[in-house]
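One structure is given here, and the rest of the page talks about it.
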Amino acid sequence: MTGQSRILDNQRRTVLELISIMERRLRPGVPFLAELRGTMGQHRGLGSRDRRIYRELVFSWLRFREWFDEVRRDDPFAGVDLLVALSADTPDLAAWQTQLGVPPGLPQRPWPQIEAALAQLHPNRTFALRDLLPKWFELHCPPLFEPAETIVQLRRPPFWLRAQRGTAAELVRELTVAKIDAVVETSLPGAVRVLAYVDLEEHPIVTSGQAEIQDIGSQALVLMAAPAAGSRWLDFCAGAGGKTLQLASAVGSGGHVTAHDVRRDALMETKRRVVRAGLKNVLIEPVLPDPGAKVYDGVFVDAPCSATGTWRRHPFLRHQTTPAVVNRYVQEQVRLLDRASLCVAPAGSLVYATCSLSQHENRGVLAAFLRTHRDFEMVAPTYNPGLPAEPSGAVTIMPSSLDSDGYFLACMRRKP
């Protein structure tokens, strides 16, 4: 055995060890990413390059777990090689992929090319796209099981920015100066696609408030809500504040946005980002107005959900989510939407959104709300970036539509 072969075998053993440990963490409610960081931190001999390799392979395992399990039963090392072949096109794994004889960036290629490469590696096996999704979820979102949509789940999502100050074109020019490849996304105002996987969390372009890291689908939700200049909005479940900032920019200096969330640590992050962006029209408010105080022109409810629309970005959730998890969120969403509706002024807007693709959380919750709140009616978004709308006016953003996470949006109006 050559020295290079020994290195690869040791890497394969490490991958299998990490997978064995992390399989036990795939339970509802377990903070998988924190567990992964802790587990890898216990391997003190790993350098930064090693950690990048193993993190990428763990994420490939999460995306292709069902295929990996089939191969691993006969040959664990071959299972690891399958993950290498299906990993992203990264410099750290390029040599290993070359040795396996697979083209770089295999998951980004058309399905026939992926099939051909898999047949070369495992000529006696059949790899079906549908096997990579939980069978129970087909009743929740049939379109996700169409081949053109399922194949999107194989691929890491793009990295998206929103121009917080200035235009998208100006932001791209700044990124180019910083030697970061990016392009303006013409389908959505302010959206910029970063073409390489770069950690921009602490980059001056973001820390200065010029840009915000925000998925393009999330950006589309606020644009479809169409907050008018000078209006007063409540971001009912503000979280870390991405939509708060976008709402505040839309309503302008003559308008006002109140950011509310029961999680005070999330509101602290919202406050930090508001200050960074230089916005003066945002109030951070952990306590809501009294019930019945119909004071807002618009209330945006980005409800806590199962996040099944983010399986592509967070593939561990695909293995942690169960029908029981979805049902618990349905009950919480009905309660939150009822509470938020009390804050909407006559003729005001109530916007319900999730990053779920489960029709139980989306259409089901919406129907339950409208049955008991006759003073609200559905309205079609006044802005739509070419997305198919349902007869009711509700919009589901499938991941393939904008190359984003999956979302649901329903715009309602309180009758005058």
Review point. Summing -39500 (n - 2.57) over the DSSP H runs of n ≥ 4 in the chain and dividing by its residue number, what mean residue ellipticity at 222 nm do you reach, to the nearest 500 deg cm²/dmol?
Key: -12500 deg cm²/dmol
Point to revise | Global geometry of segment 198-321, whether rounded, prolate or oblate, following the gyration tensor of its Cα atoms and the 1.5 cut on a/c | key: oblate
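With a/c under 1.5 counting as rounded, go ahead and sort segment 216-414 into rounded, prolate or oblate using the C-alpha gyration tensor (a ≥ b ≥ c being the square roots of the eigenvalues; past the cut-off, prolate if a/b is larger than b/c, else oblate).
Rounded shape, in that the Cα axes give a/c under 1.5.
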Revision key, fill the gap. Counting lysine pairs in the chain that sit 8 or more positions apart or on different chains, with Cα atoms under 16 Å apart, gives 4
Study note, to complete from the structure: Residues other than Leu234 with Cβ under 10 Å of its Cβ, Lys/Arg counted +1 and Asp/Glu -1, net out at -2
Check your understanding: Please state the relative contact order of the chain as a whole percent: Cα pairs under 8 Å, 6+ residues apart?
Key -> 13 percent
Review point. Once you wrap a convex hull around the alpha carbon atoms of segment 14-55, what is its projected area averaged over all directions, in nm²?
Key: 2.7 nm²
Review point. When the dipole is taken about the Cα centre of the chain, and only Lys, Arg (+1) and Asp, Glu (-1) are charged at their Cβ, what size is it in debye, to the nearest 20?
Key: 660 debye
Point to revise | In Å, descending, principal axis extents of the Cα set of the chain | key: 78, 48, 38
Check your understanding: Between the helical axis of 76-85 and the dominant principal axis of the chain, each derived from Cα atoms, what acute angle in degrees is found, rounded to the nearest 10?
Key -> 60 degrees
**Study point:** Whole-number D in µm²/s for segment 159-213 (Stokes-Einstein; Kirkwood sum over Cα pairs; 20 °C, 1.002 mPa s)
**Key:** 200 µm²/s
**Study point:** Gain upon complete extension [Leu288, Glu201; 0.36 nm per residue less C-alpha separation]
**Key:** 28.3 nm
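Out of all DSSP beta bridges with both ends in the chain, state the antiparallel percent to the nearest 5.
Taking every DSSP beta bridge within the chain, about 60 percent pair in antiparallel fashion.
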Exercise for review: Please list the non-local residues whose amide H lies under 5 Å from the amide H of Val379, H modeled 1.01 Å from N, same-chain partners needing a gap of 5 or more.
Suggested key: Cys411, Met412, Arg413
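List the relative contact order of segment 216-414 as a percent without decimals, with contacts defined as Cα pairs under 8 Å and 6+ residues apart.
22 percent
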Exercise for review: Determine the relative contact order of segment 100-164: mean sequence separation of Cα pairs under 8 Å and six or more apart, normalised by residue count, in whole percent.
Suggested key: 29 percent
Practice item. Quick one: Debye curve from the alpha-carbon atoms of segment 3-127 only, equal weights, vacuum; give me log10 I(q)/I(0) at q = 0.10, 0.18, 0.23 Å⁻¹ to two decimals. Key: -0.30, -1.00, -1.52
Check your understanding: If you build the Cα gyration tensor of segment 263-368 and take the root of 5 times each eigenvalue, what three semi-axes come out, in whole angstrom, biggest first?
Key -> 27, 20, 11
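Values in this text are rule-based calculations from the coordinates and carry no lab data. Note that the structure is predicted; figures quoted are calculated from it, not measured. No Cβ is skipped: glycine too gets one built from the backbone with ideal geometry, and neighbour counts run over all protein chains shown.
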